[in-house]
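J.: Mind looking over this structure? Questions follow.
The values are calculated or read from the model by the stated rules, or taken from the named source; none is laboratory data. Every value quoted in this text rests on a predicted model; they were computed, and no experiment measured them. Positions of Cβ are backbone-derived with ideal geometry, glycine not excepted, and every protein chain shown enters the neighbour counts. Each accessible area value is taken on the protein alone, full model and side chains, heavy atoms only, with ligands, DNA and RNA left out. Shrake-Rupley method; radii C 1.70, N 1.55, O 1.52, S 1.80 Å.
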Amino acid sequence: MIKSLFLFFLFVWMFGIQVVKAQKEHLIAVETENLGLYLHAEAQKELKQLYFGKKLRESTQLLQALELSEPAYPAFGNGLDVEQALQVVHADGNPTTRLVYQSHSVEKTENLIHTKLELKDEFYPLFVSIHYQAYSKEDVIETWVELKNGENAAIRISKLTSGYLNIQAAQYFLTHFYGSWSWEMNVVEEQLLEGTKVIDQKQITRSQRDNPAFMLSLGKSTEKAGEVIAGALAWSGSFRMAFQIDNYNKGIIAVGLNTISSEYLLDAQKTLLSPKFILTFSSHGKGEASRNLHRWARRHHLPPMPPKGLPIVLNNWEGTGMDFDEATILRIIDDAADLGTEIFVLDDGWFGRKYQRNKDDLALGDWMVNKTKLPKGLKPFITRCKQKGIKFGIWIEPEMVNSKSEFAEQHPDWIIRSKNREPLAAIGRGATQQIVDLANPKVQDFVFSVADNLLTAYPEIAYIKWDCNHYATDFGSTYLTGDRQQNLWIDYVNGYYKVMGRLREKYPHVIWQACSSGGGRLDYGALDYSHEVWTSDNTDAWSRVFIQWGSNMIYPAIVSGAHISASPNQATGNVTPIKMRMDVAMSGRLGVELQPAHMTTEEKARVKQAISDYKNILRPLVQFGDLYRMDSPYEKPYASLMYVDEQKSKAALFVYVLTYTPNDVSTGRNVPILRMEGLDPLKKYRIEELNVSEKLSSPSVGKVFSGDYLMKVGIQYSKTKLNESSIFYISEI
Ligand code: DGJ
């Protein structure tokens, strides 16, 4: 006994965990360098939030104004008619919960402070642990909740939020991101008035309709000024973000799972974890809020990246579709290497036995090489890639099946299907696509084995594009019992994470792309396991300026797959010069997506040069630098943005003309001025231009200016025509 007590205290001392008993009242401060969330905890009382926002100098003063406090994590049953954080129907049918504080612990490591609060229902053995993980330097707090059912029968969770905040401002402006397939991440900002605004999604697999992220400005904000809360839920399924403004103009933010169609039945003695909610606060506008999230993601969240950044991909999808043979692919590999790309990715259409994948309505589920199309299998491609000094990657979509597949014939019970109903697959791609039941551990093993078998047979595979094209139109699992059918929404996503976790652990060297029809899994849940996403199936440069603008408000550019594709564009029909196509793709994770055999010699030469500049100059800036948005495509006829390295010694400035701007270049009147950002005012910088076509884009190219000058005066921009664009390289001398 004495020995175990000694070991306990030794452990606590060694790992810096401070466990605080609930004897008296506590002021609990969750702080980063600039952000503070302050809570008031008192034994057997409801946990209160005292303040959230800019870090306080003397937080103890909050204890003199306890009357201003608000419930920090209110459960339905606490008597207040507000947006609740939690609702549980207990085993005996009681729908009310009253959570009271028990104890808390604080664990400190260098840049990280983990505060864990233990709450319990005042009567029922329902235990709620709220976690706050504060990343000091990045000004980010991650928060999540763990729910333990200590009752002797199952309880029903009818609401579970990951993060709950009380806020106070004179005015609120909500920025959120919406879209559809091929037109993702539109940015919209609206003022919130009295009432509750809900942004949600009810999907199981993927959705482009609303992204689980937002920015909330307390009063008006711009890119550079104003107070902004930015948040994102790390979850690839059904979510709900509620913003309630009450009649006193007080605000509540509640972000978590959407339980509208998915109340969760939690068995006795079992625990349910909420997804993580990632939160930052900026006093310097939306730009800083984005940079905080990006830095946190790159340093603490995304899978470890190759030191020089993510490789340049050549993907054959838009070039060939499923219409290829061995010779076509071998030739593309030669061209991919010649252009300077670093990985060739073989897309959809390589598999199927009884049913061959030459069309999109069959064979998903049958992950064996189509020997009619590729008699020698994948080996010749891997060998050719090796000879050419590039890597090989492959596309799979293991969560999906077509009803015309050997898989569907053999395992009908492994497919999600509404009981007693015909499948509604007709709504989805190929009209026959269905989803496998990832709530079922056996199906998880199958999905794992799809990638595992490939990586075992071909250990050279260095990149996997993991697609997921169908959203659920049918709901029903033969694995889950009748009373647990609604658990599918949460169990499916956790099943997907389990599979990805196993694969990442077994194959740490492989790069994973969460494709999901483009943008369908652009969330920090999928990005816990995947290095990057496919930003959109819309590769049109003009459209991508908007799509990437919205995506990169929350997610860093390193995760945004951005490919140079053919013109006219296959999605929009837009005809775009190769320069604009290159300039837009180079502001993300660069790739190429076309049939190189269809390129002109001049296009090839230009893309080759662009790829070489990306490798040598731009990749470190775009993939690891800080993003500064200057001119918004939503406000101006042109867009401009910069990436600056940590030392502020190098920067890249991208400009895109989106509407003809009738400027009088000869007199200099009305010419756009590009005022830079993020530079060191005391340093001197030379301006150069990359991807130059015909004439230079500014009279300032080749000249040297101070950072102070470039940020206050700026440089003149002389391009005015639709789809003209420029990349400037700014380097310290
Ligand atoms: C949807 C993806 O977004 C595309 O890039 C491509 O991989 C197709 N699926 C293939 O079916």
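J.: Could you order Lys108, Lys250 so the one with the most accessible surface comes first? Probe is 1.4 Å.
T.: On the way: Lys108 130, Lys250 65 Å².
Sorted descending by solvent-accessible area, the residues read Lys108, Lys250.
J.: Oh, and also: Of all beta bridges DSSP finds with both residues in the stretch 630-732, what is the antiparallel percent, to the nearest 5? Before the final figure, lay out the partial values.
T.: Working: 27 of 27 bridges.
Within the stretch 630-732, antiparallel bridges account for around 100 percent of the total.
J.: Out of Asn691, Val644, Val671, whose Cα points farthest toward the positive end of the dipole of the stretch 630-732 (charges: +1 Lys, Arg; -1 Asp, Glu; placed on Cβ)?
T.: With unit charges placed on the Cβ atoms, the residue in question is Val671.
J.: Let me ask something else. For the stretch 22-301, what proportion of DSSP beta bridges, expressed in % and rounded to the nearest 5, is antiparallel? Please report the intermediate quantities before stating the final value.
T.: Working: 104 of 107 bridges.
If I count the DSSP bridges inside the stretch 22-301, around 95 percent turn out antiparallel.
J.: Same structure, new question: What 222 nm value per residue comes from the helices of the chain, counting each DSSP H run with n ≥ 4 as -39,500 (n - 2.57) and dividing by all residues, nearest 500 deg cm²/dmol? The partial results should precede the final answer.
T.: On the way: 13 runs with 141 residues, N = 733.
The helix-only estimate for the chain comes to -6000 deg cm²/dmol at 222 nm.
J.: Percent of accessible area on the stretch 630-732 owned by carbon and sulfur, 1.4 Å probe?
T.: 50
J.: Tally the DSSP beta bridges in the chain and give the antiparallel ones as a percent, rounded to 5. Spell out each step's value before the answer.
T.: On the way: 145 of 175 bridges.
If I count the DSSP bridges inside the chain, around 85 percent turn out antiparallel.
J.: While we're here: Please give the peptides 203-213, 70-80, 166-176, 132-142 ranked by average Cβ packing (other Cβ atoms within 10 Å per residue), highest first, as a rough proxy for protection. The partial results should precede the final answer.
T.: Numbers: 203-213: 24.9, 70-80: 19.4, 166-176: 17.8, 132-142: 22.1.
Averaged packing, sorted descending, gives the order 203-213, 132-142, 70-80, 166-176.
J.: Keeping all protein chains in place, calculate the accessible area per residue for the stretch 22-301 (probe 1.4 angstrom), answer in Å².
T.: Counting only protein heavy atoms, the per-residue value for the stretch 22-301 is 38 Å².
J.: What does the charge dipole of the stretch 22-301 about its Cα centre add up to, to the nearest 20 debye, if the Cβ of each Lys and Arg holds +1 and the Cβ of each Asp and Glu holds -1? If you can, show how the numbers build up before the last one.
T.: Working: 29 positive and 33 negative charges, 133 e Å.
That gives the stretch 22-301 a dipole magnitude of about 640 debye.
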